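Engineer: Here it is, the structure in full.
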Amino acid sequence: MKKTTLLSTFAFAFVMLLTTTVNAQKFSKLDKSPLDVAFYRVDKKTPAFVKVVYSRPFLKGRELSKLAPNGEVWRTGANESADITIYKDMKIGGKSIATGTYSLFTIPGEKEWTIILNKDVNAWGSYSYKETNDVLRVKAPVSKGDTALENFSITFETNDAGADMYLGWGTTRVAIPFSN
């Protein structure tokens, strides 16, 4: 009885190890634009003021201007449009925005980007974008970073007025001010 149980345990462990290894290899190949979340909060003990859920496409040797063309509405990431949840009324780029969840779109440009919050949540890319559903539009300046980012990235950096939300891809950086 003990030999059967021991043999069964080893067989189960071997199968689990093999299964885990195979799934891990398949997962890494499928994750072409990994999902990420960026938060604006004062510290880890304080609830977030803003949360952005988005996918992070890779450049893979392509030009940013081909993936997010200047002058055209972009879904601000890959797959579905990025979702931005505002947990308390605040200002973005000096304009008031109410608590709620919105789709985040952008219109890239050489010197500035237009940042758009739209009431159509979970829109599939820019294909379903409707300007009539825009809730907020602000302009944000473009700068150049010292290092290139392979994946599109969003991060927040707090300051005395609130925080800046940074969009970065390649060497392009866009800073959008958030204030209380």
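The values are calculated or read from the model by the stated rules, or taken from the named source; none is laboratory data. These numbers come from a predicted model, not from an experiment. Virtual Cβ from ideal backbone geometry, glycine too; neighbours counted across all protein chains shown.
Engineer: Looking at segment 158-176 only, could you name the residues that are assigned to a strand (DSSP E or B) and either touching a Cys at 6+ places or on another chain (Cβ under 8 Å) or among the acidic types (Asp, Glu) (or both)?
Structural biologist: Of segment 158-176, the ones assigned to a strand (DSSP E or B) are 158-159, 162-176.
Within segment 158-176, ASP164 is the sole residue that qualifies.
Yes or no, residue by residue, for (1) within 15 Å of ASP120 (Cβ to Cβ); (2) not hydroxyl-bearing (Ser, Thr, Tyr):
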{"site": "GLY71", "(1), (2)": "no, yes"}
{"site": "GLY93", "(1), (2)": "no, yes"}
{"site": "SER96", "(1), (2)": "no, no"}
{"site": "GLY100", "(1), (2)": "yes, yes"}
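Engineer: Condition first: charged (D, E, K, R) and either touching a Lys or Arg at 6+ places or on another chain (Cβ under 9 Å) or surrounded by 14 or more Cβ atoms within 10 Å (Cβ to Cβ) (or both). Now tell me which residues in segment 83-115 satisfy that. Please lay out each step first, then the result.
Structural biologist: Filtering segment 83-115 down to residues charged (D, E, K, R) leaves 83, 88-89, 91, 95, 110-112.
Of everything in segment 83-115, those that are charged (D, E, K, R) and either touching a Lys or Arg at 6+ places or on another chain (Cβ under 9 Å) or surrounded by 14 or more Cβ atoms within 10 Å (Cβ to Cβ) (or both) turn out to be ASP83, LYS91, LYS95, GLU112.
Results for (1) exposed (fewer than 13 other Cβ atoms within 10 Å of the Cβ); (2) under 21 Å from ALA78 (Cα atoms); (3) in the same structural domain as ASP89 (by TED's automatic domain parsing); (4) out of contact with any Gly (no Cβ under 9 Å at 6 or more places or on another chain), shown as yes or no for each residue.
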position	(1), (2), (3), (4)
TYR127	yes, yes, yes, yes
SER153	no, yes, yes, no
ALA163	no, no, yes, yes
THR172	no, yes, yes, no
ALA175	no, yes, yes, yes
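Engineer: Then there's this: When ARG56 is evaluated against the numbered criteria (1) within 21 Å of ASP134 (Cβ to Cβ); (2) buried (at least 16 other Cβ atoms within 10 Å of the Cβ), which criterion, by number, is the only one it fails?
Structural biologist: All conditions are met except number (1).
Engineer: Being in a loop (DSSP other than H, G, I, E, B), without any contact (Cβ under 8 Å) to a residue 40 or more places away in the chain and either touching a helix residue (DSSP H, G or I) at 6+ places or on another chain (Cβ under 7 Å) or of a type in the set (A, V, I, L, M, F, W, C) (or both) is the filter here; which residues of segment 32-73 pass it?
Structural biologist: The one that is in a loop (DSSP other than H, G, I, E, B), without any contact (Cβ under 8 Å) to a residue 40 or more places away in the chain and either touching a helix residue (DSSP H, G or I) at 6+ places or on another chain (Cβ under 7 Å) or of a type in the set (A, V, I, L, M, F, W, C) (or both): ALA48.
Engineer: Here is a check on your reading of the model: is GLU80 among the charged types (D, E, K, R), surrounded by 17 or more Cβ atoms within 10 Å (Cβ to Cβ) and not in a strand (DSSP E or B)?
Structural biologist: Numbers: among the charged types (D, E, K, R): yes; surrounded by 17 or more Cβ atoms within 10 Å (Cβ to Cβ): yes; not in a strand (DSSP E or B): yes.
When the stated conditions are applied, GLU80 passes them.
Engineer: Restricting to segment 129-148, name every residue that is buried (at least 18 other Cβ atoms within 10 Å of the Cβ) and more than 19 Å from ALA98 (Cα to Cα).
Structural biologist: Listed by number, the residues that qualify are TYR129, ALA140.
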